[in-house]
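K.L.:
So that we are looking at the same thing, I have put the structure below in structure tokens.
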Amino acid sequence: MTREDPAEWTDGTAVDDVLVDELVEWLMSRALGESAAETLLAECAERMRAAGLPVARAQLAYRTLHPTLRAMSFTWKAEGGLVPFEVGHDEEEMMERVSPQFHLIRNRLPHLRRRLAGPEAELDFTILEELRDEGYTDYLGYAVGFDDGFDQGLIGSWATDRPAGFEDRHLRALLRIQRRLAVAYKVIIKQQITSNIVDTYLGRVAGKRVLDGHIQRGDHLEIPAVIWFGDLRGSTWMSETMAVDDYLAMLNDYFECAAGAVRAEGGEVLLLLGDAVLAIFHAEAETGEAAQAAATGALRAARLAESRLEALNAARAARDEPALAQGIGLHIGRVLYGNIGVAERLQFTVIGRAVNEVARLESLTKTLERPILASRAFAELAPADWHSHGHPDQPGVPEPLEVLSLAD
């Protein structure tokens, strides 16, 4: 069926109860299995139409827990497919306070039906007028709370362009399907939130390992990796002289420069240590093409961090604020990548000799007065105009590394 042949929906007798039952069971299987938020609504709507339900438009939205997003919304149309929409924290509310869904939440109502055409039309919300103008004839909005206060839940609607609108039989089927759809989305939302949290606080690769079950203390891999260590200069003095809000804002600006550059070039940020950034670029070996690609990415990230810091300092100068400086150490070696800590509080990170060595490289950026320093092993993988500083003393390193800086 298409939107152009609504005459096939002349009454409620066309609804196939067997297909509706199968759709309900399918939604329950989606709740128990793997489904994507981006496709579940569209698949559900197509199955509804196949069962004889005259749905021409479906919409749903839910709040999420994400550092940059407040909510997700999806709108499906029979003639246009699915369109996702992301709502940021600094954008307007997910739903207008005069929307049908807000009316449902405010009055703790499960659903609301409005005729959009004919003598029974009731267009008491702006969205209903817009839907009427698009050719829809009937509307059923709903709200499902996952808790008593509707702080978490699902809001949505079904609309039809069938001339006679929804029949009672259609409405019963829609409400039955809608609650099963909410159950499936509740599972998806919880999975998304879990993934968002571990990605945000652990990093994408480390987060995936944790979700895959590597959560016991001592779980680890020994891997070759390019190690990237950056540190902000003078932060102790600034923390003691600046207002707390200003200091935190300054730190976040710096992390946008350093950690943001690492992520932009494909690295994994493992730790934000006060005002320092520990990151790795995964490599299959300490030599070869994969190692070269990892080292080249890390060097690009170091240069990008410097470029971003330069732009930040220009903005700070315009505000009569002091310039910021950083040091970055670059190295490659084998590291232990996994869980350390106590049983009740673990940290997924890297440890080992190479990590200690890169920290010493970064500390030398102060005495050598160069913002980026690398080991010889790293420099040989990332071609550039390197200048050697020999083997300066590196406390805690049994065999001091040859230290190189960029000639430019």
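Derivation of every value follows stated rules applied to the coordinates shown; laboratory data play no part. Quick caveat: nothing in here was measured; it's all calculated off a predicted structure. Please note: Cβ atoms are built from the backbone with ideal geometry, for glycine as well, and neighbour counts cover all protein chains shown.
K.L.:
Which loop-located trypsin sites (Lys or Arg not before Pro) does region 251-337 contain, where loop means any DSSP state but H, G, I, E or B and the Cβ has at most 12 other Cβ atoms within 10 Å? Mind showing how you got there, number by number?
P.N.:
Details: sites: Arg263, Arg300, Arg303, Arg308, Arg316, Arg319, Arg334; in loops: Arg319.
Of the trypsin sites (Lys or Arg not before Pro), the ones in loops of region 251-337 whose Cβ has at most 12 other Cβ atoms within 10 Å are Arg319.
K.L.:
Hey, another quick one. Positive end of the charge dipole of the chain (Lys, Arg +1 and Asp, Glu -1 on Cβ, about the Cα centre): tell me which of Leu251, Ile193, Gly234 has its Cα farthest that way.
P.N.:
So the residue furthest toward the plus end is Ile193.
K.L.:
While we're looking at this one, here's another question. Quick check for me: using +1 on Lys/Arg Cβ and -1 on Asp/Glu Cβ, what's the dipole size of region 321-370 about its Cα centre, in debye to the nearest 20?
P.N.:
220 debye
K.L.:
Any chance you could check the Cα centroid distance between region 172-186 and region 29-92 for me, in angstrom?
P.N.:
13 Å
K.L.:
Please give the charge dipole size of region 6-201, origin at the Cα centre, charges +1 on K and R Cβ atoms and -1 on D and E Cβ atoms. Round to the nearest 20 debye.
P.N.:
In debye, rounded to 20, region 6-201 gives about 520.
K.L.:
Further, regarding this structure: Using the crude model of +1 on Lys and Arg Cβ and -1 on Asp and Glu Cβ, and no other charge, please compute the dipole size for the chain relative to its Cα centre, in debye to 20.
P.N.:
In total the dipole reaches around 780 debye.
K.L.:
Pull out a ≥ b ≥ c, the square roots of the eigenvalues of the alpha-carbon gyration tensor of region 269-408, then state rounded if a/c is under 1.5, prolate if not and a/b is larger than b/c, and oblate in the remaining case.
P.N.:
It comes out oblate by the Cα gyration axes.
K.L.:
How big is D for the chain, in µm² s⁻¹ as a whole number, if Stokes-Einstein is applied with the Kirkwood radius of its Cα pairs at 25 °C and 0.890 mPa s?
P.N.:
Taking Rh from Cα pairs, D becomes 97 µm²/s.
K.L.:
May I pose another question? Please list, in order, the residues from region 60-83 whose amide nitrogen is less than 17 Å from a point placed 7 Å along the Cα→Cβ vector of Gln152.
P.N.:
Taking a point 7 Å out along Cα→Cβ of Gln152, the residues of region 60-83 whose backbone N falls under 17 Å are 61-67, 69-72.
K.L.:
Hey, rough spin-label estimate for Ser239 and Asp408, points 7 angstrom out along Cα→Cβ, what's it come to in nanometres?
P.N.:
My value for the distance between the label points is 3.5 nm.
K.L.:
Now, a different point. Taking 7 Å along the Cα-to-C-beta vector as the label spot, tell me the Asp90-Ala311 distance in nanometres, rounded to one decimal.
P.N.:
That separation, rounded to one decimal, is 1.4 nm.
K.L.:
With the crude spin-label approximation of a point 7 Å out along Cα→Cβ, what separation in nm comes out for Leu175 versus His391?
P.N.:
The modelled label-to-label distance comes out at 8.2 nm.
K.L.:
Over all alpha-carbon pairs of region 6-201, lay out the pair-distance distribution in 5 Å bins, whole %, shortest bin first.
P.N.:
Per 5 Å bin, starting at zero, the Cα-Cα P(r) for region 6-201 comes out as 1, 7, 16, 20, 21, 16, 10, 5, 2, 1, 0, 0 percent.
K.L.:
Give the calculated FRET efficiency between Ala50 and Arg106 to the nearest 0.05, with a Förster radius of 45 Å applied to their Cβ-Cβ distance. All intermediate terms of the calculation are to be shown ahead of the outcome.
P.N.:
On the way: r = 35 Å, r/R0 = 0.79.
The value I calculate is 0.80.
K.L.:
Oh, and also: Rounded to the nearest 0.05, what FRET efficiency do Arg376 and Ile340 give with R0 = 25 Å and r taken as the Cβ-Cβ distance? Could you check?
P.N.:
Plugging the Cβ-Cβ distance into 1/(1 + (r/R0)^6) gives 0.30.
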